[in-house]
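These notes concern the structure reproduced below.
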Amino acid sequence: MSEKLALYCTNINEYIPFAGGDTLVDIYLRIADRLGFEPICARVNNKTEGLDFRLFMPKVVEFRQQNTPDGNRVYIRSLCMMLYKAVSDVVPGATLKIDHSLSHGYFCRLTNLPEGTSAADYVDRIRQTMRELVVRDIPFVRHESLTPHVINRFQDQGLADKALLLSTLHDLYTTYYTLDGLADNYYAALAPRTGMLRVFDLIPYEDGMLLLGPDKADPSVASRPVAQHKMFNAFTDHLRFNKIVGVTNVGELNRAVENKESAMLINVSESLHAKRIANIADDIAARFNQGGAKIVLVAGPSSSGKTTFTKRLAIELLTNLIKPKMISLDNYFVDRHHTPIDENGEMDYESLYALDLELFNRHMAALIAGEEVEMPYYNFASGMREYRGERLRLEPDNILLIEGIHGLNPELTSSIAADLKYKVYVSALTTINIDDHNWIPTTDNRLLRRIIRDHKYRGTSAVDTIKRWPSVRRGEEKWIFPYQENADATFNSSLLFELGVMRLRGEEILRGVPRDVPEYAEAYRLKRFLSYFLPISEEYIPSTSLLREFLGGSSFHY
């Protein structure tokens with residue numbers, strides 16, 4: 001007699017018997033009335049899988065809704081394939097490029113359009129076709145075939161970018177999906193069918209389109225776009241650079257690695273960083289010499305490279321005959337027992353009001369006026385402010401550099417005249433894509449930087465960093481992103497080659513995440529993501545590189 005199979009469903013805390021070969025959809029249909037929601041995916045042994053996943057061995061299963069992080073990723077990926085299908089139906093022969101996340105959505109371009117037309121001419125028809133696909137409730141069908149066969153199919157459909165990537169990965173088999181006969185792949189699970197993708201919008205944006213998924217606060221409606229023209233320009237500048245060097249996607253990056261062009265990519269990318277920082281320093285110097293820009297505020301999200309940027313900016317300012325003085329916002333923390341409490345009842349150190357704004361503004365005004373100030377020192381061990389006799393005065397050739405997440409928030413420097421401030425926003429705005437339909441989330445780039453840095457310098461495990469990341473992201477959404485358009489300059493700290501460099505070290509750290517913890521799902525996803533990049537040696541990365549802040553080997557002191 002064969003052994004009975006059963007899975008453990010954490011949603012209802014029960015074992016559920018199944019026959020070998022049953023799918024997660026089969027299991028869901030048996031407990032739908034008890035589950036209370038329609039899942040879009042599931043975690044199987046702490047790995048996110050599509051509902052077409054077949055069961056042959058005992059598993060632990062948690063069904064996931066759209067409003068969970070992994071559920072939302074499945075939803076957006078599925079929207080992208082539905083968009084590709086609609087574009088193919090409305091404008092045959094056009095090329096869809098989903099470039100990056102922007103303005104609460106995903107910026108898309110259409111190329112190879114009929115002469116004299118633009119993306120805006122087709123948005124309404126494409127949106128309507130997508131809505132018709134939802135009504136038709138067509139399944140996303142998963143396939144697994146020999147990689148050469150998949151490459152041929154993608155080449156026949158004009159998806160040369162996907163064919164190139166697959167040819168550099170050298171896998172025997174490749175997973176892909178079809179939607180009403182159209183093939184594509186998205187490197188992770190899709191929704192079961194189009195009927196689940198009811199909430200979305202598609203609008204004209206700049207020279208392309210903006211695909212909007214469900215709003216985070218209210219998933220029953222589509223997100224509303226916000227103005228992010230400076231961010232758009234920062235992305236676009238780097239896209240032009242990528243096109244010139246011939247590396248716009250991971251397939252082209254891998255081909256360059258195979259052709260032993262890594263050193264050239266590193267050198268040209270580092271030169272671009274140096275040029276951008278020098279340009280910002282020149283702009284600051286011009287304003288400073290006209291009597292403005294006495295204070296430079298550098299802000300950005302976690303692991304964006306603010307610290308190294310600020311140190312390199314200081315060097316460039318010196319070449320402009322301006323002597324920088326640096327202070328840390330951390331020293332203006334209120335005494336720990338006055339720290340604001342967040343919605344979870346924990347101390348919110350990322351809140352603007354964790355800082356003594358009145359003291360900070362008083363000190364800034366005094367320094368600008370040429371007065372001497374005794375600087376505070378925040379003792380993290382005691383949680384109290386101290387004074388250790390450190391005094392600061394700005395001489396005529398001094399400029400004040402302040403790095404901190406709240407630098408772009410007007411309330412931080414409310415008493416300082418606008419012309420006396422110069423604000424810089426720093427973030428890793430990753431500008432190469434996996435392929436035309438799969439972008440690289442900037443949050444993944446920053447999370448990998450943080451995992452590697454915290455493991456090396458702070459002895460923090462990947463589990464703890466991943467566990468902490470949602471709280472970090474909530475703080476960014478509340479305290480950083482709403483103010484990024486206030487910047488006088490935006491610096492894209494991403495480097496064309498960096499994910500290839502981080503691959504081996506990132507994989508090694510992520511392998512240490514145990515399989516029996518919830519964080520394994522994110523670790524597995526990141527390992528799979530890194531597997532698309534051929535490894536790149538650190539050998540040619542200079543000691544002043546922003547990436548050294550995370551890898552080690554920097555000539556700067558942190």
Exactly one of these conditions fails for I327: (1) aliphatic (A, V, I, L, M); (2) in a helix (DSSP H, G or I); (3) surrounded by 20 or more Cβ atoms within 10 Å (Cβ to Cβ). Give me its number. (2)
Does S461 qualify as being of a type in the set (G, A, S) and closer than 21 Å to L547 by Cβ? no
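Look at I244 and say whether it is β-branched (V, I, T) and either surrounded by 15 or more Cβ atoms within 10 Å (Cβ to Cβ) or in contact with a Gly (Cβ under 7 Å, 6 or more places away or on another chain) (or both).
Working: β-branched (V, I, T): yes; either surrounded by 15 or more Cβ atoms within 10 Å (Cβ to Cβ) or in contact with a Gly (Cβ under 7 Å, 6 or more places away or on another chain) (or both): no.
No.
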I'd like to verify a number: residues in region 114-132 that are crowded, with 16+ Cβ neighbours inside 10 Å and touching a strand residue (DSSP E or B) at 6+ places or on another chain (Cβ under 9 Å), how many? 6
Take region 510-544 and flag every residue that is loosely packed, with under 14 Cβ neighbours inside 10 Å and either touching a Ser or Thr at 6+ places or on another chain (Cβ under 6 Å) or within 16 Å of T430 (Cβ to Cβ) (or both). S543
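Matching residues to (1) assigned by TED's automatic domain parsing to the domain that holds Y122; (2) buried (at least 20 other Cβ atoms within 10 Å of the Cβ); (3) part of a helix (DSSP H, G or I):
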| position | (1), (2), (3) |
| --- | --- |
| Y15 | no, no, no |
| E38 | no, no, no |
| R43 | no, yes, no |
| G93 | yes, no, no |
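Results for (1) within 16 Å of I98 (Cβ to Cβ); (2) in contact (Cβ under 8 Å) with a residue 40 or more places away in the chain; (3) crowded, with 17+ Cβ neighbours inside 10 Å, shown as yes or no for each residue.
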residue	(1), (2), (3)
V134	no, yes, yes
F140	no, yes, yes
Y177	yes, yes, yes
L190	yes, yes, yes
G195	no, yes, no
Y205	yes, yes, yes
P214	no, yes, yes
D218	no, no, no
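Where in region 226-294 are the helices (runs of 4 or more DSSP H), entirely inside, with at least 3 residues that are under 30 Å from A417 (Cβ atoms) and at pLDDT below 95?
Values: elements: 229-245, 250-258, 262-289.
In region 226-294, the matching helices (runs of 4 or more DSSP H) lie at 229-245.
The rows are residues; the columns are (1) outside the structural domain of Y520 (by TED's automatic domain parsing); (2) modelled with pLDDT of 95 or more; (3) closer than 20 Å to R525 by Cα; (4) buried (at least 24 other Cβ atoms within 10 Å of the Cβ).
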residue: S415; (1), (2), (3), (4): no, no, no, no
residue: L420; (1), (2), (3), (4): no, yes, no, no
residue: S427; (1), (2), (3), (4): no, no, no, yes
residue: T430; (1), (2), (3), (4): no, no, yes, yes
residue: D435; (1), (2), (3), (4): no, yes, yes, yes
residue: I440; (1), (2), (3), (4): no, no, yes, no
residue: L448; (1), (2), (3), (4): no, yes, yes, yes
residue: I451; (1), (2), (3), (4): no, yes, yes, yes
residue: H455; (1), (2), (3), (4): no, yes, yes, no
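Return the residues of region 175-219 that are in a loop (DSSP other than H, G, I, E, B) and either touching a His at 6+ places or on another chain (Cβ under 7 Å) or under 23 Å from R525 (Cα atoms) (or both); say none if nothing qualifies.
Filtering region 175-219 for residues in a loop (DSSP other than H, G, I, E, B) gives 180-181, 185-192, 197-200, 206-207, 213, 215-219.
Listed by number, the residues that qualify are N185, Y186, Y187, A188, A189, L190, A191, P192, L197, G213, K216.
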Selection from region 393-430 of residues that are touching a Pro at 6+ places or on another chain (Cβ under 6 Å) and without any contact (Cβ under 8 Å) to a residue 24 or more places away in the chain: none
Just the residues that are part of a strand (DSSP E or B), under 15 Å from L212 (Cα atoms) and touching a Ser or Thr at 6+ places or on another chain (Cβ under 8 Å), please, taken from region 100-119. H100, S101, G105, F107
Can you say whether G475 is touching a strand residue (DSSP E or B) at 6+ places or on another chain (Cβ under 7 Å) and over 30 Å from Y84 (Cα atoms), as far as the supplied structure shows? no
Report yes if some residue within region 316-324 is under 30 Å from I451 (Cα atoms) and at pLDDT 95 or above; otherwise report no. yes
What is the one condition in (1) over 27 Å from H273 (Cβ atoms); (2) in contact with a helix residue (DSSP H, G or I) (Cβ under 9 Å, 6 or more places away or on another chain); (3) among the acidic types (D, E); (4) surrounded by fewer than 16 Cβ atoms within 10 Å (Cβ to Cβ) that E507 does not satisfy? (1)
For region 120-145, what are the residues that are farther than 19 Å from P214 by Cβ and acidic (D, E)? D121, D124, E132, E144
Is it true that some residue in region 299-321 is part of a strand (DSSP E or B) and under 22 Å from A366 (Cα atoms)? no
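The values are calculated or read from the model by the stated rules, or taken from the named source; none is laboratory data. These numbers come from a predicted model, not from an experiment. Cβ coordinates were reconstructed from backbone atoms using ideal geometry, including for glycine residues, and neighbour counts include every protein chain displayed.
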